[in-house]
Amino acid sequence: MKITLTGSLGHISQPLAQALIAAGHSVTIISHNPDRAAAITALGATPAIGSIQDETFLTQAFTGADAVYLMITAGQDNSDIFEAGRQQAHIYANAVKAAGVKQVVNLSSVGANLGPEVGALHIYNIIEGVLTQELPGVNLTFLRPTGMFYNLLSNIPSIKRDHTIYTNSSLTKKNSWIAPADIVPVAVNALTAPTPGVTSQYVASDEQSYTEVAAILAEALHLPDLKVVQISDDTLLKNLLAANMPESFTRGYVKMTAYERDHDFYADYRAHQPILGPTKLTDYAAGDFLTAYQN
């Protein structure tokens, strides 16, 4: 098959490209950075250098593809992330239609079934809605991964400084986590063996509360006094803004974590419970997290 991927050489797109190439497929990787072209070629893929906001460029990159993989990264500045997501979804849909692609896999998120009450995650509900409405007759698969293991890396400064993880989340509720590597085989299957119509699929690796997360990291880092402390929404917001996080995204993020704490956020996830992937938080803690902490 001929498959075009967005996401450049990111946490998911690079290993996804490698898996597809190893299986004998022809892969094109879209990147806005011309410096990535050589690395993309070295993987055995074809680089397509341009902006995902350029509908003409995307149409060219999608033309001839049997399937495309779409993702979006939001929160890079103080723009309206929801409007940015809506606009990007329209651009994607127009390019898919113009190129005549009939199979689309979109990297969405847990929480995409909910509305504005889930803060920043509402962007995925918007994107799913636009693509579903504008691409009738296209096989659409929405992959809904849960919280990425690498999100925990943002706690390294406070772990080093205070031996503490600070969160406004519940300390005892089970959260679902995922390793990007565990998304790859699910994405490969969705791209190469499409399910007709519009479908969604949750993807997860492990389920741990923040108290359990702290215990796992404490063992991996050899910090027996490492603890997790719940702070207020306002305190988390102030801390993140003080760290120069974009205000629009940060407010949405705090609203998201507060909703997870106070409501049954995982109800739809449990109703469509995925088989957990092989990578566990203990693996990540003793591997990538420990390496990042030591560097």
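For a Förster distance of 22 Å, can you work out the FRET efficiency between the beta-carbons of Tyr166 and His11, rounded to the nearest 0.05?
Calculated value: 0.35.
How far apart, in nanometres, would the label points at Thr132 and Ala193 be if each is projected 7 angstrom from Cα along the Cα-to-Cβ direction?
So the two model labels end up 2.5 nm from each other.
What whole-number distance in Å separates the alpha-carbon centres of the stretch 218-295 and the stretch 88-156?
21
Can you compute the charge dipole magnitude of the chain about its Cα centre, using +1 on each Lys and Arg Cβ and -1 on each Asp and Glu Cβ, nothing else charged? Give it in debye, rounded to the nearest 20.
320
So which of Lys2/Lys280; Lys102/Lys255; Lys174/Lys255; Lys173/Lys280; Lys102/Lys280 end up more than 27 Å apart by C-alpha?
Result: Lys2/Lys280; Lys102/Lys255; Lys102/Lys280 exceed 27 Å.
Heavy-atom accessible area per residue, the stretch 1-77, 1.4 Å probe: how many Å²?
I get 46 Å² per residue for the stretch 1-77.
If r is the Cβ-Cβ distance from His222 to Ser79 and R0 is 30 Å, what FRET efficiency results, to the nearest 0.05?
Computed FRET efficiency for His222 and Ser79: 0.10.
Just the number please: accessible area per residue for the stretch 182-295, 1.4 Å probe, all protein chains included, in Å².
52
So what's the convex hull volume per residue for the Cα atoms of the chain, in Å³?
Hull volume over Cα atoms, normalised by residue count, gives 130 Å³.
Please report, as a whole percent, how much of the solvent-accessible surface of the stretch 238-281 comes from carbon and sulfur atoms (probe radius 1.4 Å).
That fraction is 56 percent.
I'm a student and want to see the number: the projected area of the Cα convex hull of the stretch 104-187, averaged over all directions, in nm².
For the stretch 104-187, averaging the hull's shadow over all directions gives 7.0 nm².
Taking R0 as 30 Å, what FRET efficiency do you get between Asn94 and Ala42 from their Cβ-Cβ distance, rounded to the nearest 0.05?
0.40
Membrane-span-like helices in the chain: DSSP H runs reaching 15 Å or more (Cα, own axis), mean Kyte hydropathy at least 0.0?
Correct list, ordered by number: 122-134, 180-192, 210-221.
What's the ranking of 190-199, 5-14, 213-222, 266-275 by average number of surrounding C-beta atoms within 10 Å, highest first?
Answer by packing, highest mean first, reads 5-14, 213-222, 190-199, 266-275.
Once the piece of chain linking Ser232 and Met1 is laid out straight, how much longer is it, given 0.36 nm per residue of separation minus the C-alpha distance between them?
78.2 nm
Could you state the number of Å between the C-alpha centres of the stretch 56-70 and the stretch 1-34?
Centre-to-centre distance over Cα atoms comes out at 12 Å.
Over the chain, with a Gaussian network built from C-alpha contacts below 10 Å, which listed residue (Ile156, Ile127, Ile165) shows the highest mean-square fluctuation?
Result for the chain, Cα springs under 10 Å: Ile156 fluctuates most.
If I take every Cα pair under 8 Å that is 6 or more residues apart in the stretch 1-79, average their sequence separation and divide by the length, what percent do I get for the relative contact order?
37
At a 1.4 Å probe, what is the % contribution of carbon and sulfur to the accessible area of the stretch 80-182?
On the stretch 80-182, the fraction of accessible area on carbon and sulfur atoms equals 55 percent.
Of the options Thr250, Leu171, Ile275, report the single residue whose Cα projects farthest towards the positive end of the charge dipole of the chain (beta-carbon charges: Lys, Arg +1; Asp, Glu -1).
About the Cα centre, the residue reaching furthest to the positive side is Ile275.
Once both labels are modelled 7 Å past Cα along the beta-carbon direction, what's the Ile21-Ala267 spacing in nm?
That separation, rounded to one decimal, is 4.5 nm.
Per DSSP H run of at least 4 residues, take -39500 (n - 2.57); add these up for the chain, divide by its residues and hand me the 222 nm value, nearest 500 deg cm²/dmol.
-13000 deg cm²/dmol
The values are calculated or read from the model by the stated rules, or taken from the named source; none is laboratory data. Quick caveat, the model's predicted, so the values are computed rather than measured. Note: ideal-geometry Cβ built from the backbone for every residue, glycine included; neighbour counts use all protein chains shown. The protein model used for the area step is the full one, side chains on, heavy atoms only, and it has no ligands, DNA or RNA in it. Shrake-Rupley method; radii C 1.70, N 1.55, O 1.52, S 1.80 Å.
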